[in-house]
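The values are calculated or read from the model by the stated rules, or taken from the named source; none is laboratory data. Quick caveat: nothing in here was measured; it's all calculated off a predicted structure. Quick reminder, even Gly has a Cβ in these numbers, built from the backbone with ideal geometry, and neighbours come from all protein chains shown.
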Amino acid sequence: MKRLMTTLAAAMAVAMSASPHLVQAAAPSIHVGAMYEYAEPGKGALLKRVRNTGDATAFVRVQISEVRYAADGSHHEVPVSGTDAGLVASPSRLIVPAQGQQATRLLVQGDRSAERYYRVRFVPVLPQSEDEFALTDAQRDDYRRELSAGVNVLTGYGVFVIVHPDQPRYDVQTETQAGYVQLHNAGNTTVVLDDIRQCSAPETSGRCAPSRKVHLLPNRTERFTRSAEHLHRFQIVEGDSRREVLLSP
């Protein structure tokens, strides 16, 4: 890996010195694919690919924090570190060449008796002297000058990782009232309400609002308003199972 980083860094330095015009216009642009990832029971690793569609090398730092929810639904993030980390990235620093891609593995470890949640951020950075990107001082300075030549914004992305428990229990309970229908997740793992569409009644009208997706965490409730003018259709995804639901007036 170190040899690969060194090779990519050297290629970047050559490209930056090739044309002053290109240097001024160059900027990385990273993409990480899906914003949600799921570690199913028995699955200990997730492969996440980072693509760079820009015209400058991207130096990306992977940062992980655990998202912890309180009983009232509020949450806070705790940076993970050391041997107690339930999710680690390997490698945690990536050099992604222009028009290229690199991958990191998100390794799940530790207790899985309860569901856990993580925010994984892929952050493009300007290499610093203490960073482990295997750059010389000259290469690092050249890169910083390249991005300083114009107004360039380094944009990062956050991915939400749901680590399902080893023994998931699915239990979606439906309650119907005069003005609404609500779904409550009484199980111990997240279910997905996928492709939710609010459509005009009757069902044959075909007029529907854009779809949306809801991740229904344990002990959470999603409510759908009942009216004579609208109906709701969606799919409930429980692990590998997927079932259609129609909530009509």
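Here are some notes:
- Exactly one residue out of His215, His164, His184 is under 23 Å from Val67 (Cα atoms) and without any contact (Cβ under 8 Å) to a residue 60 or more places away in the chain: that is His184.
- Residue within region 92-100 that is assigned to a strand (DSSP E or B), in contact (Cβ under 8 Å) with a residue 24 or more places away in the chain and closer than 24 Å to Gln167 by Cβ present: no
- Scanning region 56-108 for residues that are in contact with a helix residue (DSSP H, G or I) (Cβ under 7 Å, 6 or more places away or on another chain) and either under 21 Å from Ala45 (Cβ atoms) or β-branched (Val, Ile, Thr) (or both) yields Thr57, Ile95.
- Pairs where the first residue, in region 114-127, is in the same structural domain as Ser92 (by TED's automatic domain parsing) and the second is of a type in the set (Ser, Thr, Tyr) and buried (at least 20 other Cβ atoms within 10 Å of the Cβ), C-beta under 8 Å, 6+ apart: Glu115/Thr189; Glu115/Thr190; Leu126/Tyr143; Pro127/Tyr143
- Some residue of region 35-57 being within 24 Å of Pro168 (Cβ to Cβ), outside any strand (DSSP E or B) and basic (Lys, Arg): yes
- Out of Lys43, Lys48, sole residue that is modelled with pLDDT of 80 or more, charged (D, E, K, R) and surrounded by fewer than 16 Cβ atoms within 10 Å (Cβ to Cβ): Lys43
- Filter result for Arg121 (modelled with pLDDT of 80 or more and either farther than 18 Å from Val50 by Cα or of a type in the set (Lys, Arg) (or both)): yes
- Residue in region 234-245 that is in a strand (DSSP E or B), at pLDDT below 95, over 17 Å from Asp171 (Cβ atoms) and not assigned by TED's automatic domain parsing to the domain that holds Ala39 present: no
- For region 51-81, taking the residues that are polar (S, T, N, Q) and surrounded by 18 or more Cβ atoms within 10 Å (Cβ to Cβ), the one that is farthest from Gln128 (Cα to Cα) is identified as Ser65.
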